[in-house]
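For reference, the structure discussed in these notes is given below.
The values are calculated or read from the model by the stated rules, or taken from the named source; none is laboratory data. It should be emphasised that the depicted structure is a prediction, and the values quoted were computed from it without experimental measurement. Reconstructed Cβ throughout: ideal geometry from the backbone, glycine too, with neighbour counts over all protein chains shown. We work out accessible area using only protein heavy atoms, side chains counted, and drop any ligands, DNA or RNA first. Shrake-Rupley method; radii C 1.70, N 1.55, O 1.52, S 1.80 Å.
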Amino acid sequence: MSNLQAINAARRAELAGPAGVRGLIKNPRLFRLAIITTLGALCYGGSVGYEQGAYSQVLVMDAFVNNPKFSRIANDSSFKGWSVSTLGLGGWVGALSNGYLCDILSRRWTLLVGAIICLLGTGLTTGARDSSYMFAGRFFIGWAVGSLSAAVPLYNSEISPPELRGTVVSIQQLAIVTGICISFWVGYGTNFISETNSASWRVCLAGQGIPALALALLTFTLPYTPRWLIRKGRGPEALQTLAWLRKLPQDSEIVQLEYLEIQAEAMFEAETTAERFPNLVGGGAFTEFKLQIAHFGELFTTIHMFRRTAVACLTQFFQQMSGIDAIVYYAPTIFQSLGLGAKTVSLLAAGVIGIVFVISTLPAIASIDRIGRRPLLIIGGAGMALMLILIAALTATYQPEWNKPAAAWSTATFIWLYVAFFGASWVGPVSWTVISEVFPLSTRAHGVALGASANWMTNASTILRNFVVGIIVPDMLDHITYGTYLFFLMFMLMGIAFAIWVLPETFGKSLEEMDLAFGSGEGQADMARMERILMSLRDQEEKRGNSVDSNKNEAV
């Protein structure tokens, strides 16, 4: 960072309150807002979340499988894959539209839009009369969770002070994996309603509407973010909101320091945009849309920016192609194929995945800012690769009869351990942190948005990951069986190699160091511009202070 930025950051650190959970509890206003936005995280999760776990349970429920209007989804592996992948296609659309909506409508009302669309999709799937309702509903749910997957962390990061930002993001990640856990156990419970009554699967799918409805209603209690207000020229309101969020008076030094930084960032973005796209500044909604497209184009204009973009997208790609979604989406089907016993046993075994997810995410949250990003990805990836090898070996040896219960339960254990290694490494805290750090300030917002869309692009049925996971995996499990795990093992090994030889360690690195890693100078040019802007703002502040003192003296 620039010299003046470093001075401001050091002074703010001196004035800051306690960090972590203790600091969040000390600020009940911020804690309340974090809990509200966490409802959005319960709805979404990119590759994880309530809807995904719930739908995997529904696919094996007797009341759904034996219903002639839905039997093709349950029994035709290709059609099942298309129904699963529709969510990813909608998520891709939602993630790409999010940047535009967050700027035009605000972060606050984008959360409301996402919640409403999620309710629409939930209503269509819960009240589905045939397969077409299910497809349409899953597309709208995907759209909603794709938008929320970017809007929730954006809102939280803009209302949180630096010392609490990581904690707020961690709460969000815990909410995502908690969504999986809840969905599995709700599915397990509703399975006992009836083997013929559709309420067993309708109640399970309706559960996603609960956090979405709560988010929609509570959005009206959320403030706008100070950064969005500054961008819209509403400076006094931004200062008032910032002071309210920090529970401090507007003239307190730490509030003024943070307000100065927000103003500088807004001016930096405005100057950069005006310099690079003079014909797209100050127009209407359509011009703003074209400007968003132009910003994305910047990520590919030089070889250095392309390398940063490739790192962000590949991090998300390997996270998704690890095979985790094949496990989460089809866990009940996989456990049932192991011959563990009754269908309720397979649902119970799938429910353990949710608990493992929650527990295993805690080490990643605790260690990401201690040992770095790359070690977590490498160690976690190696553990996942080993589990895939063991699962494939046991499946090849004992399928299809599975006449040895010990082998079946060993395979189930290795699946749980595979999920644990994923939760402690490639899951959200690491991969999402990486993509937020590799871009220079001038392209960070759009770089992160593109990385998020890459997550959903690899979810999208017509492009990469969910084309494989959603559409092909059911056929793979039916025809090449253990080869399915070897397929994902190949990508996991590629992900480990990527983490070792391609991915730079971003932990604790400044923009200058990141420039050296990518052989570019974008970050240094950005810092020079930011230094000039901060100096200008401080000079203006000093002149205003002198003017106020002069007026007071004249009055006396």
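Annotations for the structure displayed:
- Filter result (charged (D, E, K, R) and open to solvent by less than 40 Å² (accessible area, probe 1.4 Å)) within the stretch 289-329: E298, R308, D325
- When residues in the stretch 11-22 are screened for being open to solvent by 50 Å² or more (accessible area, probe 1.4 Å) and at pLDDT below 75, 3 of them pass.
- Scanning the stretch 171-204 for residues that are in a helix (DSSP H, G or I), more than 27 Å from G23 (Cβ to Cβ), aliphatic (A, V, I, L, M) and open to solvent by 10 Å² or more (accessible area, probe 1.4 Å) yields I182, V186, A199, V203.
- Any hit, the stretch 298-320, residues being over 30 Å from Q524 (Cα atoms), in contact (Cβ under 8 Å) with a residue 12 or more places away in the chain and in a loop (DSSP other than H, G, I, E, B): no
- Leading residue by the ranking (nearest to V113 (Cα to Cα)) among those in the stretch 218-259 that are small (G, A, S) and outside any loop (DSSP other than H, G, I, E, B): A238
- Note on the stretch 336-357: residues that are open to solvent by 10 Å² or more (accessible area, probe 1.4 Å), part of a helix (DSSP H, G or I) and either within 16 Å of Y398 (Cβ to Cβ) or modelled with pLDDT of 85 or more (or both) amount to 5.
- In summary, E258 fulfils each of the numbered conditions (1) open to solvent by 60 Å² or more (accessible area, probe 1.4 Å); (2) in contact with a helix residue (DSSP H, G or I) (Cβ under 9 Å, 6 or more places away or on another chain); (3) over 20 Å from A525 (Cα atoms) with the single exception of condition (1).
- For the stretch 305-319, the criterion of being over 18 Å from the mean Cα position of the chain (by Cα) and more than 29 Å from I500 (Cβ to Cβ) is satisfied by no residue at all.
- Counting only residues that are among the β-branched types (V, I, T) and over 21 Å from C181 (Cα atoms), the stretch 343-385 holds 4 of them.
- The stretch 254-275 residues that are free of Cβ contacts under 8 Å to residues at least 24 places away in the same chain, paired with ones that are of a type in the set (F, W, Y) and surrounded by fewer than 17 Cβ atoms within 10 Å (Cβ to Cβ) (beta carbon under 9 Å, 6 or more apart): none
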